[in-house]
Amino acid sequence: MSDVQKRVVTIPEIATVVEVKDEIQDVKTFYLKFDNPEVDANFKIKSGQFVMLTVFGYGESAISLPPSPENDRFHLSVRKVGKVTDALHNLVAGDKVGIRGPFGNGFPFEEIKGKNIIYVAGGIGLIPLRSSIVHVLQNRKDFGRIIVLLGARTPNDLMYQNDIEEWLKIEGFECYVTVDQKTEGWKGETGFVNSLIEKANVPVENTVAFVCGPPVMFNSVIGDLMSRGLKDDCIISTLERHMKCGIGKCQHCAIGRTLVCTDGPVYTYKQIKTLGEVI
Amino acid sequence: MDYKSGVCNFCGTGCGNYLNIQDGKVSGVFSSRNHPVSKGRLCVRGWHFHELLMTDHRISSPMIKVDGNFKNVSYDEAISFMMEKMAKYSDNAAEETAFLASPRSSNENNYLFGKLARSVFKTNNITLDSESGHRSSMNVLGEGAGFPGMTGSLEDISKTKFILVVGSDITKMNPIIGSEIHKAQMAGTKVVTISSRVTQIARLSNVHLQIKPGSKKSFLAAMAKAVIEENKLDADFVTASTEGFDGFATSVNKFNMTDVLSLTGIDSETIKQMAGELCSAESAMAFWSTGISGLDQDSVSYIYNLMLLAGKIGEENCGANPITGICNLQGGYDMGTAPDLLTGFQKLSDNDAAAKFEKSWGVKLNKDSGKDLYEMLADKNSKLKCLVVADHDEGIVKYSKEIEALEFVAYFGTFENPFVKFADVVFPIAGVIEDEGTYTNTERRVQLSRKRVEPFENVMPGWKLFPMIAAKASLSWKYSSPEDVFKEITSLTPSYSGMTYEKIEKSFGLQWPCNDKFPEGCKRLDGASAGRKFKFAPVTGSFAVPSASADYPILLIASQGQHFWHQNNIMKKTYIPKREYNATLLVYPKGYIEICKDDAAKLQVREHWNVKIVSSHGSMIVAVKISEDVKTGTAYVPYFIREMISSFLLEHNQEFDRGEDTIIPIRIERI
Amino acid sequence: MYLIEKNNVMKLAEELAKSYFLYGPVVDKETKQVFFNKVESASEISLTAEIPSIPPKTVVFPQIERILEYKYEKDSKKVQMNADFDTSSKALFGIRPCDLTGILVLDRFFMGLEFVDDVYLEHRKRMFIVSNTCTVPFKQCFCVCTDSGPAAEEGYDLNLTDLGDMYLVETGSDKGREFAEKMGLQKAGAEHTLEKKNAVDKSISLFEKLATDNKAWISRVMNRVTTGFIKDEVWEHIGKQCFECGACTFVCPTCSCFNIEDHNKFSGSTDRLRTWDSCSFEGYTKMAGDHNPRHPVEDRRNKRFFCKLSYSQSKKYLRPGCVGCGRCQWVCPGDIGLPNVVTYIRREITE
């Protein structure tokens, strides 16, 4: 983190929107390039981190970073949820945005080498997990089974379908998908994402699970994983909180004694349990 | 030093503050420790006053509408445009022209606005915006006690022994008054709140009587009857200082004590006990909110009469205290922005008073009372064609269809406002602290707000702009400062006649009446020096309460949200208060209905589920919020969510016009 | 250690005013309210004024502060951006020990953790601090309970103590020593140290009689707050009295929560403003499209007192978050200034 500290951390760097892609309803992906080539070349990110994104004239918002560190253009997938993200959705290629960061701790890849990796994502919970999946697949040999369990409300709410098709070509990548409500033409599973845990026969020994999704889904998935015997320190999630500064000063993202922006946003479930507030 | 003393400009409490002015710009606010009302406190609004003053969401230039589009013009052009357009209504102005004044304008601006209406545009159709509830209170106290204002004083709250709070949540509407009541309670004052929903002031009271919706009047009548029947009344006081007791006693007698439990949900023993405590207390005050959420005149009459029975009017640390929600609501009436009033509640029909104004203004006045704007808009046969509006405060425009249909609308305002789109000509005027002006708070305290910064984009202050308009009509109004306007006001207004800017500033304001008899003003109404008896206010003997039916089994209360001033236009110009008002929206984006656990179980609905609310007028879909604050058979919606107001609640305009008790019988359907 | 005659003490301020913007306690002529504010001339400063109503934290952490100005031209896609840090040199003259402690807490928070806050750093970089020992406590004071007075122990360049005819001038930094030497101040001896000790002891002994508004035996409740063994009823009693005005946070010398807003100006450019915020506001943690992790007002109060009074938070500041100034008590529309909350909790412990 020392390289970040030396920089002035309150002033954004300017970036250009290179391309905008529609994902699912209310979610778009923005491909970005820093105007300053030096910044562009040195922009190192770790998956699991986030950036503070300025939409000029509207304000700043914390956005989790989906790109993997390697071979992937810098992009952000963003759901429209408020003033800043609404304004972002109106931007087109050529528009400018401001970026501060990256901030946050990121996923602990070194510590999980050699293990089976399970991803459980509900809806747009896949956005923060995507970069981790890309990273793990790029280092396929370092890991055991790689399983993605994906739930969405309807087939239209499934994120990154093209990516998933690409990933499925990689040997040993397992992906299970379910929707709550099927629409015409849906041939896959219906039901909650929990049901996939059984179906995939997920391992618990030497295994780490990444779980991300809405609170109800989060709690029930964790319940199911733990009842299969997975330990709470082997379950990893990333928390989302209202953030204003990203550098541990404004205190908006404080949960109990932790600050999501500097201590997180990646936590083990063991840590989450001790935070003293509901998720 | 950067800190300059001033007056908070949001609600009617009139707290003192300090503004931090650096390089001619506002950059902060702080509380005033020695101010007699606020004593170092401010509420969430007051602590963010600077955010409002910093906003750039301002009207920056006069504009006229040409072919449906606004065009920036000079003040002179805009005035000529207005005079030309309004000329055709001059022959029948009493029918065709109306003025809507703002409880947010300073006394000086309101006075000039009224003067403009009556002397230049020849109409008495002047209405003070949205605030008929306060007028009811003024009528009762003016007719009854000869004192059209709060009869007590905020400074005395800490000294009174018994406080009765009737209705809405004073801790949210006027937080610093709520704080004062809370602190009195902590120090031993008995505080009794009557309301249909559990509010913060209810939680902070010694006794909260959670009456059935719409039964306040019955409750108050029952209290009055208990006082008389149990012979608790202050007989000496009633005999010596009041008149009309017999008439009131006859009306109250019609109330049947055996009905009290079924009507109000409170048993007669409790009521007798409260009545006894009110009367035996050494001193007592009653508080109720006025303005859009105010009580109807009949309920106010009962409160006032009850206090008379108890001998708590005109005595030390006592008072019947209507609480204003907007900074200069009291001042608006003081300045005569009403169809039938001149300044200081002098009657337009009073020949002597009118003659005084005619002489000062150099015009002939029409002495027939004008009409209320909202009545004119509601009246399908109204001939109204032209409307002149100052600083409309609400973010939602009532009667928007009718206003849109008018031929000509002029708007005078400081901030960008949804009302602007209805206007044909728009005049920006300098805001508070860009101009000097006095504001009269709920306890009749006239305070001076000094000019601290230059006007935004050189917009004109009212005392310059209104005379320019008068000049186009060949009237010469000569003022070289707002102080000149104030001098004219004091020369025409007996209750203000002893005031000067200098005197006001020296003492954190002066409470009217301030004149030869009371050179330092009057903290409270003093029975001994009043020179007249207090009259019992006439009341009706009808005690009907809204009732549920088989089709509509639940009584819906539509009232303030968790925070007051939700759809208020100026609140939207701030950051933190706006965020707070919007906070609930993040959880319930389309609004919510509060019901109790039992009702939710009966309806088989859960927290956050959407339900359909059906009344005889219409329906809407909102989320369920389960709450302990309402009783079985009662539901509550906050009226701050735009969709809810426009699609459903505005359909119940009539219920709203009745005042605070907007009670709508509904049923809730699962969807 | 040096001495200066009482009637010459303002010469120090006058000298500082030559190279610094001068700040100090100022008494408003009209209302007698005391502010800590920038002054035009040293003569405006009063060294005997009571604790300023507004905490001197406003100098390093203003109520509202522009940290960035930008202009985005949508058509040409041009962005102009100016970082706007206040880099002026400031001298705080006559800051009280409690308020100095507050600034040290803010230092540790803004500059001592993982990230250094650039905006704060610029305020603090070129600062000269002259503290002023409280030889008489004021009504609202309880710094003796919070170990932050009546005399400053660290963090000053110069510290003044009223010894009757003279002020004792202690130096706390090289900058302070150089300044004292430059001013040619008379050296003080051991007897003056003793005199100061007596003055401070006397001040402490006066607390019982004079500082009657507040007492807060913080050490007694910190364990309870840290472990969370406080009954829900106590928090409810506190929560129902909260008017959600934010005042306690705004006047607290150590509260540092802020909000950031982009303020669009009539001129077409935008100011990024950083403004005071309070964790007791409902909208503080609320996220768009989501639930609020901290809903009932009791929980939000709880958060603030946890921040001030728990061991785990105190680690950040190396001391409790309360400095005993008593401001929160007099601005609170409820009756839940920190000293009262401590009393409520203590009452529960005793029961």
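Quick check on segment B:103-147: take the gyration tensor over C-alpha atoms, sort the square-rooted eigenvalues as a ≥ b ≥ c, and tell me if it's rounded (a/c under 1.5), prolate or oblate. Verdict is prolate for segment B:103-147. Sorted from longest to shortest, the spans of the Cα atoms of the protein assembly as shown along the three principal axes equal 99, 92, 70 Å.
The distance linking segment B:19-84 with segment C:153-226 is 46 Å (Cα centroid to Cα centroid, whole angstrom).
Take each residue of peptide C:64-74, count the partner chain Cβ atoms within 10 Å of its Cβ, and average: the result is 4.
Bridging of A:Lys270 to lysines at a Cα separation below 20 Å is possible for A:Lys113, A:Lys115, A:Lys231, once same-chain residues fewer than 8 apart are set aside. Looking at segment B:125-232, what % of the alpha carbon pairs are farther apart than 22 Å? Considering segment B:125-232, 44 percent of its Cα-Cα pairs are separated by more than 22 Å. The mean number of partner chain beta-carbon atoms within 10 angstrom of a residue's beta-carbon across peptide B:42-50 is 5. Partner aspartates and glutamates whose Cα lies under 15 Å from the Cα of B:Lys159, excluding those fewer than 8 positions away in the same chain, are identified as B:Glu180, B:Glu282, B:Glu315, B:Glu316. Judged by the gyration tensor of its Cα atoms, with axes a ≥ b ≥ c, segment C:74-163 is prolate; a/c meets the 1.5 cut and a/b is the larger of a/b and b/c.
Could you list log10 I(q)/I(0) for chain B at q = 0.06 Å⁻¹, which the Debye formula gives when each Cα is one point scatterer? Scattering profile of chain B, log10 relative to I(0): -0.32. When peptides A:252-265, A:19-32 are sorted by average Cβ neighbour count within 10 Å, with the highest value leading, the order is A:252-265, A:19-32. Taken over segment B:398-475, lysine pairs spaced eight or more positions apart, or on distinct chains, with alpha carbons under 27 Å apart number 6. Across peptide B:55-61, the average count of Cβ atoms from other chains found within 10 Å of a residue's Cβ is 2. Exposure proxy ranking for B:Lys572, B:Lys487, based on other Cβ atoms within 10 angstrom of each Cβ and starting from the fewest, stands as B:Lys487, B:Lys572.
The H on the amide N of A:Glu19, modeled in the peptide plane, is under 5 Å from the matching H of A:Tyr31, each at least 5 residues off or on a different chain. Converting phi to 3J(HN,Hα) with the Karplus coefficients 6.51, -1.76 and 1.60 and the offset θ = phi - 60°, segment B:94-104 yields 4, 9, 9, 10, 9, 10, 10, 8, 10, x, 9 Hz in sequence order, with x at every glycine or proline.
To make sure I understand, if each residue's beta carbon is the centre and we count other beta carbons within 10 Å, what order do B:Phe219, B:Phe70 fall in, fewest to most?
B:Phe70, B:Phe219
Shape summary: segment A:127-169 maps onto an equivalent ellipsoid whose semi-axes, from the alpha-carbon gyration tensor, are 21, 10, 10 Å in decreasing order. If you count Lys pairs in segment B:1-140 whose Cα atoms are under 27 Å apart, skipping same-chain pairs closer than 8 places in sequence, the total is 13. With a threshold of 27 Å on the Cα-Cα distance, the over-threshold entries among B:Lys356/B:Lys478; B:Lys225/B:Lys312; C:Lys175/C:Lys196; C:Lys187/C:Lys316; B:Lys602/C:Lys240 are C:Lys187/C:Lys316; B:Lys602/C:Lys240.
When a/c is below 1.5 the answer is rounded, else prolate if a/b is larger than b/c, else oblate, so apply that to segment B:368-440 with a ≥ b ≥ c taken from the square roots of the Cα gyration tensor eigenvalues. Since a/c reaches 1.5 and a/b is larger than b/c, the shape of segment B:368-440 is classed as prolate. Placing +1 on the Cβ of every Lys and Arg and -1 on the Cβ of every Asp and Glu, with no other charges, gives the protein assembly as shown a dipole of roughly 1060 debye about its Cα centre.
Listed by chain and number, the aspartates and glutamates whose C-alpha is less than 16 Å from the C-alpha of A:Lys46, apart from same-chain residues fewer than 8 away, are A:Asp3, A:Glu70, A:Asp72, A:Glu110, A:Glu111, A:Asp263. How large is log10 of I(q)/I(0) for chain C at q = 0.09, 0.15 Å⁻¹ when the intensity is taken from the Debye formula with one equal scatterer per alpha-carbon? The calculated log intensity ratios at q = 0.09, 0.15 Å⁻¹ are -0.55, -1.33. In whole percents, the pair-distance distribution calculated for chain A from its alpha-carbon pairs, binned every 10 Å from zero, is 6, 29, 36, 23, 5, 0. From least to most packed, judged by other beta carbons within 10 angstrom and beginning with the fewest, B:Leu295, B:Leu406 follow the order B:Leu406, B:Leu295.
Any read-out appearing in this document is the output of simple, stated calculations on the displayed coordinates, not a laboratory observation. What you are looking at is a predicted structure, and each value in this text was computed from that prediction instead of being measured. A quick note on method: Cβ atoms are made from the backbone with ideal geometry, for glycine too, and the neighbour counts reach across all protein chains shown.
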